[in-house]
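The values are calculated or read from the model by the stated rules, or taken from the named source; none is laboratory data. Keep in mind that what you see is a predicted model, and the values were worked out from it rather than measured. Please note: Cβ atoms are built from the backbone with ideal geometry, for glycine as well, and neighbour counts cover all protein chains shown. Quick note on the areas: whole protein, heavy atoms, side chains included, nothing else; ligands and nucleic acids left out. Shrake-Rupley method; radii C 1.70, N 1.55, O 1.52, S 1.80 Å.
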Amino acid sequence: MRVTLLGTGTSQGVPVIGCTCEVCRSVDYRDKRLRVSVHLQVGGKSIIIDTGPDFRQQVLRERIKTLDALVFTHEHKDHTAGLDDIRAYNFSQHKDMPIYAEERVLGQLKKEFAYIFSDYKYPGIPKVQLHPIDNQPFEVEGVPFIPIRVMHYKLPVYGYRVGDFTYITDANYISEEEKEKVRGSKVIVLNALRQEPHISHFSLQEAINLLEELQPEKAYLTHISHLLGQHREVEPQLPDFIRLGYDGLQIDL
């Protein structure tokens, strides 16, 4: 499996519009963070989790020529806004795009992208196949996925485990039962928004505490805001097995 972090930023991205803090002014490429998303190449399939506002830019940067399916964690705009750009894959692959998400999320996509689902199909609109999921293992084009229920304040969100890889973003609570699904993962990607506690995301220390409990071989932090600090200053302070993610980082399992 190859995992590529397409984006590692929070909902505003980094730099933040109008901000002049040292992180937003940084010339370090690792401090330039698009909205959060991840690409999985596994079992001969190409799968992306979440299509945020930067989806087009991300797939062009990584030269992702084929895309077999999309999986969504939840319905927030920084995770869904780029859905329209799957049209290019519809055209080149001559097929509808399979989309996997829970019913609530699919319902929100139907509202926000109503033209995709209207009775009259305007020429050239995205073409999709909807696959509802729940908190049970499922397959994405033959690739086994295990959903992990986490909480984003009061909003239920899914993380996912694929083989020895677990991806959790937009969370600040995981039950003991759901942690059991994560244990034994060789690589975990987990959200860590900032230094200070936050109402709906793990802080840096909370993320470290959870990862030290789960003990993967390697962990990477994502969904990072400009309030976390500069990459070159924060990363040396982390436990050896935890690294800061950055856009374009590739992880081979």
Q: Please go through segment 59-75 and pick out each residue that is in contact (Cβ under 8 Å) with a residue 60 or more places away in the chain and out of contact with any helix residue (DSSP H, G or I) (no Cβ under 9 Å at 6 or more places or on another chain).
A: R61, E62, A69, V71
(Q) So the check is Cβ under 7 Å with 6+ separation or different chains; which pairs have a first residue in segment 205-220 that's in contact (Cβ under 8 Å) with a residue 12 or more places away in the chain and more than 17 Å from E235 (Cα to Cα) and a second one that's part of a helix (DSSP H, G or I) and of a type outside the set (G, A, S)? (A) L214/K179; L214/V182
Q | Verdict on H94 being open to solvent by less than 30 Å² (accessible area, probe 1.4 Å) and closer than 21 Å to K127 by Cα | A | no
**Q.** Residue under evaluation V38, criteria (1) surrounded by fewer than 20 Cβ atoms within 10 Å (Cβ to Cβ); (2) touching a residue at least 12 places away in the same chain (Cβ under 8 Å), criterion not met
**A.** (1)
Q. So which helices (runs of 4 or more DSSP H) are wholly in segment 167-253 and hold at least 1 residues that are open to solvent by less than 20 Å² (accessible area, probe 1.4 Å) and within 21 Å of H76 (Cβ to Cβ)?
A. 176-182, 204-214
Q. L83 fails exactly one of the following numbered conditions: (1) within 23 Å of I188 (Cβ to Cβ); (2) buried (at least 18 other Cβ atoms within 10 Å of the Cβ). What is the number of that condition?
A. (1)
Q | Unmet requirement for Y122, which otherwise passes all of (1) in contact with a helix residue (DSSP H, G or I) (Cβ under 8 Å, 6 or more places away or on another chain); (2) open to solvent by 60 Å² or more (accessible area, probe 1.4 Å); (3) touching a residue at least 24 places away in the same chain (Cβ under 8 Å) | A | (3)
